[in-house]
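The values are calculated or read from the model by the stated rules, or taken from the named source; none is laboratory data. Treat the numbers as computed from the prediction; the structure is a model and nothing was measured. Methodologically, a virtual Cβ is constructed for each residue, glycine included, from the backbone with ideal geometry; neighbour enumeration extends over all protein chains shown. For the accessible areas, the whole protein counts, side chains as well, though only heavy atoms, and no ligand, DNA or RNA atoms are used. Shrake-Rupley method; radii C 1.70, N 1.55, O 1.52, S 1.80 Å.
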Amino acid sequence: LQRGDPRTIFIEKNVGGFFQDEWQLRPGLSLAGGLRYDWQNNFGDGNNLAPRLAVAWAPGRSRKTVIRTGAGFFFDRSGPAPVFDILRYNGVQLRRYVVSGAIPPDLSQFPTSIHRLDSRVQLPNTMQFSLGVERQLAKKTTLSVNYIGTRGVQQLRSRDANAPLPPDFAARPDSLVNVLRNIESAGRVEANSLEVTVRGDLGPRVSGMAQYVFGKTMANTGGVNWYPASSFEPIGERGRADTDRRHQFNFLGTATLHRWANFGVSMSLLSGVPFNITTGRDENKDGMALDRPLGVTRNTGLGPGAAIVDLRWYRDFRFQQTKKEKSPSLTIAVDAFNVLNRVNYQNFIGSLTSPFFGHAVSTLPARRLQLGARFQF
């Protein structure tokens, strides 16, 4: 239940600066380095220096093979949402009451919830590193194999710092406060992926890119609005990230078969993403039904994969071209999104007490057709 005025005005300040340079050390060997600085008000840390370095080496005289490696740090910004919550849910302006059981007749005597930033909070920091090999297969066709690793620290999450304590969960430690949402930078993310990409001419009159990605992303947070199952003991939350997909295949291509037969196609074949399984009950009496069954870790449910195929037909009409400048042109196009009209499910119910457990509550858009015309002059 909420009472009060949600209207809040504040100014969010973000400062970012970046320097980068490249050096050609010798033919076939280049080095690139950079340094970025980020600052955001409401966060106390001011030492957000993010260096990055990359090397590219093409051995031999043919220069058909290029080896690339690099690493760098990146700082994310929180955005206005958490600051907005901290200012309005201060216990006075907008009062939030999380009630388990019967609603008291007089809410004015009931403690309110408060949102706050942890005193040690910092901007999320991510390090990314990669190693790849690119090989020219033909004049306009290349094959590349890349490994990309990501390690994220200081990731934002929320935790009820006033959650009822075990074993009986009878009362909150501070009886004058209800939920004490503490926004802290205590999350971690670990991701590894292998990408195999072919780009360029894929056949007669056909060009584009085909890419397969095998990856794995593990995390113990789902973002600034995510709460662990047990706020008083937020360990053991490491599991598959919300966006983790083991397999991805993407294809982007164009085919110029005739002046009236110009096609573009986009295809994505994706394995399923995980979802969180919960008991559907609030056994630890913290006001949130996020409890999980014994022995079940975060995001152990798995939804089905998705297949998305988009198709485009277009025709260019060019008017008389002069020697000095290009003539005006007209392009007409027909686009078909999800041309196979496949039902791609998303947002799965993970509550065991729900009759819809394991079922989706939404899908990606159905087939859509679009007619377009563009005149350039």
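Things to note:
- When restricted to residues that are surrounded by fewer than 16 Cβ atoms within 10 Å (Cβ to Cβ) and in contact with an Asp or Glu (Cβ under 6 Å, 6 or more places away or on another chain), segment 170-179 contains 0.
- Number of residues in segment 225-240 that are of a type in the set (Val, Ile, Thr) and either closer than 18 Å to Asp282 by Cα or outside any loop (DSSP other than H, G, I, E, B) (or both) equals 0.
- Flag for Gln2 being open to solvent by 40 Å² or more (accessible area, probe 1.4 Å), within 30 Å of Tyr97 (Cβ to Cβ) and not basic (Lys, Arg): yes
- Residue match in segment 286-293 (condition: assigned to a loop (DSSP other than H, G, I, E, B) and open to solvent by 80 Å² or more (accessible area, probe 1.4 Å)): no
- Considering the conditions (1) outside any loop (DSSP other than H, G, I, E, B); (2) buried (at least 17 other Cβ atoms within 10 Å of the Cβ), Leu330 is excluded by exactly one of them, (2).
- Among (1) open to solvent by 60 Å² or more (accessible area, probe 1.4 Å); (2) in a loop (DSSP other than H, G, I, E, B); (3) within 30 Å of Asn220 (Cα to Cα), the one test that Gln346 misses: (2)
- Residue selected from segment 19-48 under the condition farther than 30 Å from Val121 by Cβ and either outside any strand (DSSP E or B) or hydroxyl-bearing (Ser, Thr, Tyr) (or both), by the criterion nearest to the chain's Cα centre (by Cα): Ser30
- Restricting attention to segment 350-377 and to residues that are part of a loop (DSSP other than H, G, I, E, B), within 27 Å of Ala306 (Cβ to Cβ) and touching a residue at least 24 places away in the same chain (Cβ under 8 Å), the residue that is most open to solvent (accessible area, probe 1.4 Å) turns out to be Arg367.
- Residue within segment 303-310 that is farther than 15 Å from Ser268 by Cα, free of Cβ contacts under 8 Å to residues at least 24 places away in the same chain and surrounded by 15 or more Cβ atoms within 10 Å (Cβ to Cβ) present: no
- Restricting segment 333-343 to residues that are open to solvent by less than 70 Å² (accessible area, probe 1.4 Å) and at negative phi, the residue that is nearest to the chain's Cα centre (by Cα) is Phe337.
- Hits in segment 180-233 (condition: open to solvent by 30 Å² or more (accessible area, probe 1.4 Å) and acidic (Asp, Glu)): Glu190, Glu195, Asp201, Glu233
- Flag if Arg120 is within 20 Å of Lys13 (Cβ to Cβ), at pLDDT below 95, of a type in the set (Lys, Arg) and out of contact with any helix residue (DSSP H, G or I) (no Cβ under 8 Å at 6 or more places or on another chain): no
- One residue from Ser62, Ser100, Ser108 being open to solvent by 40 Å² or more (accessible area, probe 1.4 Å) and outside any loop (DSSP other than H, G, I, E, B): Ser108
- Residue that is modelled with the highest pLDDT, among those in segment 314-327 that are open to solvent by 60 Å² or more (accessible area, probe 1.4 Å) and outside any loop (DSSP other than H, G, I, E, B): Phe317
- Matching residues in segment 131-158 - criterion: being within 21 Å of the chain's Cα centre (by Cα) and open to solvent by 50 Å² or more (accessible area, probe 1.4 Å): Tyr147, Arg151
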